[in-house]
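Read through the structure below, which is laid out as structure tokens, and then see the notes.
The values are calculated or read from the model by the stated rules, or taken from the named source; none is laboratory data. Predicted model only: the values in this text are computed from it and were never measured. Virtual Cβ from ideal backbone geometry, glycine too; neighbours counted across all protein chains shown. When the accessible area is computed, the model is the full protein with side chains, heavy atoms only, and any ligands, DNA or RNA have been set aside. Shrake-Rupley method; radii C 1.70, N 1.55, O 1.52, S 1.80 Å.
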Amino acid sequence: MRPAGEVRLALFNACCQLATAERGPTLKEIAAKACVGMQAARNTVPNMVRAKQLHTPRTRQVAHRNRPVAEYVPAALVVDDQAGFVDLASVLQVWAADTP
């Protein structure tokens, strides 16, 4: 696996600095803190969510948009309410790979 790029590291560090237990930063706030362009942030942050580096626990209203926007927090700050939960799809993939 390749190491994380400069944009990804800057976005992650900005998210870690801005996130609190009560409120997470929006995409626009993260991009501004990281000094990264909005298009680069729009491309990178969804990949970080898909890689489970960031989570979107809630949404909130902001002045610059009519619809609620997602708040992002680092995965380490998210309390896992599903302790003991097993992703069945990943188990089946491993099982299918082991069968001859």
For the stretch 69-77, Karplus-derived ³J(HN,Hα) couplings (6.51, -1.76, 1.60; θ = phi - 60°; whole Hz; x for glycine and proline) come out as 10, 6, 9, 10, 9, x, 4, 5, 8
Determine how large the accessible area of residue 9 is when every protein chain is in place; take a 1.4 Å probe and give Å² rounded to the nearest 10.
90 Å²
Relative packing of peptides 42-51, 27-36 - highest average C-beta neighbours within 10 Å first
27-36, 42-51
Tally up the carbon and sulfur contribution to the accessible surface of the stretch 1-50 as a whole percent, 1.4 Å probe, everything protein left in place.
55 percent
Expressed in square angstrom to the nearest 10, the accessible area of residue 65 with a 1.4 Å probe stands at 110 Å²
